[in-house]
Amino acid sequence: MSTLQPVRGTHDLLPDEARRHRLVEEIAFGIARRYGFGEIITPIFEFTEVFSRNLGETTDVVSKEMYSFTDRSGESLTLRPEGTAGVARAFISGGLSQHLPLKLFYRGPMFRYERPQKGRQRQFHQLGIELLGIEGPQADVEAITLAAHILQALGLKDHITLELNSLGDASSRAAYREALVAFLSGRKDKLSKDSLDRLERNPLRVLDSKDEGDREVVVDAPLMADYLNDASRQFFDEVQHGLSIVDVPVLINQRLVRGLDYYCHTAFEFTSTALGSQGTVLAGGRYDGLIGQMGGPATPGIGWAAGIERLSMLAELAIAEERPLAVIPMGPIDVAQALAQRLRQDGFNVELGYSGNMKKRLARANKLHARAAVILGEDEWSRQAVAVRDLDTGLQEEVPLAVLEDRLARFR
Ligand code: ATP
Ligand code: MG
């Protein structure tokens, strides 16, 4: 293993890729702002307990994927595997319950010790939102509508499906859990080892197992919808009604779950057929119990997160090309440097040629797709002028330095 390789599961974002990545973030945040969301930036590491206690010991993320380490003072710290727990911690430690409802947007790197494959890294990036303090289904509708709007703006609308389910309130969920455990317990011989483990600790997770044998068993499992009490049913109906009013199409998927106990009511995922088995681009749900369980004031919440690498792979981005001006010194470089600086201060995007004969430098300017070349020849310079060549037409003219910016304005 060479230490000059990136660590397994990490990758560099070279300039073109980084540009797409940032554009995806900017488009998403630009739309989130229209819905009243402000950015929150929380630390990349937290006390390990922020995740282990609140994401639940039984989730994959906590049981096998965390990057935890002991720092020099003996504290156990963890690189964040997801965004919600840190935001909830910030909400409590910052006393933000005075400011409800809160609409928060975040973005940044996340870390999970996973088996790397296409669309799955150990350091990856997410953007996401949390909408805190609203109990009613209108918050769910707004959070999902915002997600759909962002995916539309990224050009994903045509190959993306919104899958939706309701987990009901705590009592509906408990009733369902009991029925599901009874059903699965009679079929233990057909379940995978992972699912047997989940049956004990987190039975709902068996429903979204990727194992073929598990999937066959689950086909006949009781359905959550049959265990929703009246209030939960009504909540779910209102979410669906709200989404139909804003023209967001949904596919009900009764197998869609979120693993954790504090999740309730709405669970959803946006999936794409264009990504193979890593098809989920954005996932979220309602987590009314989380902040209370963490020791904060009971506060309802709903949120979602999307993988930026997956969004970037799928997005149709119109990347506006900024064509530079090429400053080509045929005499002293310091004079050219001063002129390039003057033009940059004036807002032009300037490439300064460093070496080679005129032909080579022009070839380089064309390779950079420069719009025009500003050539500093000795003759023109003695007349306080430069030559400006339009690289699209090949037309060249002498321009006095005093009016250079005016003449270059059309090449901006
Ligand atoms: P999966 O079932 O694919 O492991 P998950 O339930 O672990 O997904 P979430 O925790 O809901 O995923 O994360 C939300 C989104 O973040 C995913 O839909 C995906 O787009 C992205 N994501 C999650 N894990 C990774 C990863 N290891 N590499 C790249 N993107 C990821
Ligand atoms: Mg995962």
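The values are calculated or read from the model by the stated rules, or taken from the named source; none is laboratory data. None of these values were measured; they are calculated from a predicted model. Here Cβ is always computed from backbone atoms with ideal geometry, including for glycine, and neighbour counts include all displayed protein chains. With ligands, DNA and RNA removed, areas are computed over all heavy atoms of the protein, side chains included. Shrake-Rupley method; radii C 1.70, N 1.55, O 1.52, S 1.80 Å.
Report whether or not R187 is open to solvent by 20 Å² or more (accessible area, probe 1.4 Å), more than 20 Å from V257 (Cα to Cα), at pLDDT below 95 and not polar (S, T, N, Q). When the stated conditions are applied, R187 passes them. Of all the residues in region 7-32, those that are open to solvent by 30 Å² or more (accessible area, probe 1.4 Å) and touching a residue at least 24 places away in the same chain (Cβ under 8 Å) number 9. Scanning region 153-169 for residues that are farther than 18 Å from G136 by Cβ, part of a helix (DSSP H, G or I) and at pLDDT 90 or above turns up at least one hit.
Summed over region 242-266, residues that are part of a loop (DSSP other than H, G, I, E, B), closer than 13 Å to I144 by Cα, more than 21 Å from the chain's Cα centre (by Cα) and in contact (Cβ under 8 Å) with a residue 60 or more places away in the chain total 3.
Going by the conditions given, is R115 within 16 Å of ligand 1 (Cβ to nearest atom) and in a loop (DSSP other than H, G, I, E, B)?
Judged against the criteria, R115 is a match.
Here A338 fulfils each of the conditions (1) of a type in the set (G, A, S); (2) in contact with a Leu (Cβ under 6 Å, 6 or more places away or on another chain); (3) over 30 Å from I144 (Cα atoms) apart from (2). Can you say whether L146 is away from ligand 2 (no atom under 16 Å from the Cβ), part of a strand (DSSP E or B) and assigned by TED's automatic domain parsing to the domain that holds Q278, as far as the supplied structure shows? No. Scanning region 307-341 for residues that are in a loop (DSSP other than H, G, I, E, B) and within 17 Å of A370 (Cα to Cα) turns up I319, A320, E321, E322, R323, P324.
Looking across region 348-360, the residues that are open to solvent by less than 60 Å² (accessible area, probe 1.4 Å) and at pLDDT below 90 come down to G353, G356, M358. Contact map, region 295-322: residues that are free of Cβ contacts under 8 Å to residues at least 60 places away in the same chain paired with residues that are open to solvent by less than 30 Å² (accessible area, probe 1.4 Å) and more than 16 Å from ligand 2 (Cβ to nearest atom), Cβ distance under 8 Å, separation 6+ or inter-chain. Pairs shown: A298/I291. Inspection of region 125-135 identifies at least one residue that is in the same structural domain as V239 (by TED's automatic domain parsing) and either polar (S, T, N, Q) or within 14 Å of ligand 2 (Cβ to nearest atom) (or both).
Restricting attention to region 52-65 and to residues that are more than 11 Å from ligand 2 (Cβ to nearest atom) and open to solvent by 40 Å² or more (accessible area, probe 1.4 Å), the residue that is nearest to P81 (Cα to Cα) turns out to be S63.
With respect to the conditions (1) open to solvent by 60 Å² or more (accessible area, probe 1.4 Å); (2) modelled with pLDDT of 95 or more, N366 lacks only one, and its number is (2). Among the strands (runs of 3 or more DSSP E) confined to region 38-83, the ones with at least 2 residues that are within 16 Å of ligand 1 (Cβ to nearest atom) are located at 76-79.
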